[in-house]
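Before any comments, here is the structure.
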Amino acid sequence: MMRNLRLVIGLFLAATLFFSCSDNSKKEGGDSTELTEKKRNKRKRKVSEVVSDAASSPGNYVFVQNDSLSDYINAYNKTLALFELPIREKDIATQYGNAHVLICGNSANPPLVLLHGMNASSTMWYPNMKTFAKNYCVYAIDFLLEPGKSTCNSKRLKMEQIADWYDEVFAKLRLKSFDLVGCSRGGWLATAVSINHPEKIKKLVLLSPAQTFTWIPPSSALLSNITYSISPNKEKLKNILAGLSVSSVKINKTYFDQYFLGTEKDNLSSCIFEMTPYSRKSIESLKMPLLVLIGDKDIINNERCLNKVKKLLPDTQTGIIENAGHFLSFDQPDTVNTLILSFLAN
């Protein structure tokens, strides 16, 4: 109980800091990425101090799932049926634990790597996978610090280690060059991968990337997401998803049940507090073709985010999906699929 209390306090304080940073950047007449490195590092230190107590107890960093017959794994397996196509599941031993990858499509086709959003696991791609797999061999990787079938053997990992983990997974999958799609937190991670190993990424697609170009704007819906961690239940989750999706009732119940079990069991990963917007220098280092899509009712990103991207990377393609929230790949899968495939093909 005390661990959960420290966790919640840390989350509230961190959220307050995030909001303060967002407000300050507006007053200064620029985004956080325009600040000096000194100020950015100071903010990062503040975030670390805020959550140090909340993250100090064991178990706050890793979603460990060893029981193959567990309710979560069973729910995960049921969701796989929503893909409506053959799926190859591959487990890869790495220095930090097991990496679980869903592979769909002809192995002779060009590779496409998918990085899912927070707590969503690779099964979140069920509205998109069948379409992607027609032209690509798709590799969807479960993030090792969140609910999914990947597992971690360390109490805590730094972002440098996470980047090394992805690089090890790519190497063992023999992926030397590939297209990369990241959603929400997966978008932030996909950006990190692209910055660290630009030679591997042919084209990059970001679906409402969280904390990547600008700070997340404060909102009651965002606070609801934070307080949900105190006592998660299905009714609260329905309200949370209603704030993230304009068509949350269309989210398949099988996936909803899996998602709920994941959020119920999950613990806070410390690396979430390293998720600050990238510096101008880092963003401008992205030389590969880039597509950024957000929903018109997105609580994580807005037009300011797209304007920032275009300012730093004028050749970037951007788009606002109508009648879509943060979960735009759920809200408007056909539109999102078409835009992504068109971008990758040209």
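Starting from the exponent 0.38 and prefactor 2.2 Å, build the expected Rg for the stretch 89-153 from its residue count and divide its actual Cα Rg by it.
1.10
Cross-link check: pairs LYS134/LYS202; LYS90/LYS238; LYS281/LYS308 evaluated at a Cα-Cα cut-off of 21 Å; pairs beyond the cut-off: LYS90/LYS238. For the stretch 77-121 versus the stretch 287-303, the spacing of their alpha-carbon centroids is 24 Å.
Past 22 Å, Cα to Cα: identify those pairs from LYS176/LYS310; LYS149/LYS172; LYS78/LYS149; LYS130/LYS253, in the order given.
Where the Cα-Cα span goes over 22 Å, the pairs concerned are LYS176/LYS310.
Here the alpha carbons of the stretch 158-219 define both size measures, Rg and Dmax, at 12.3, 42 Å.
FYI, it's all coordinate maths here, none of it is from the lab. Please read these numbers as outputs of a predicted model, since none were measured by experiment.
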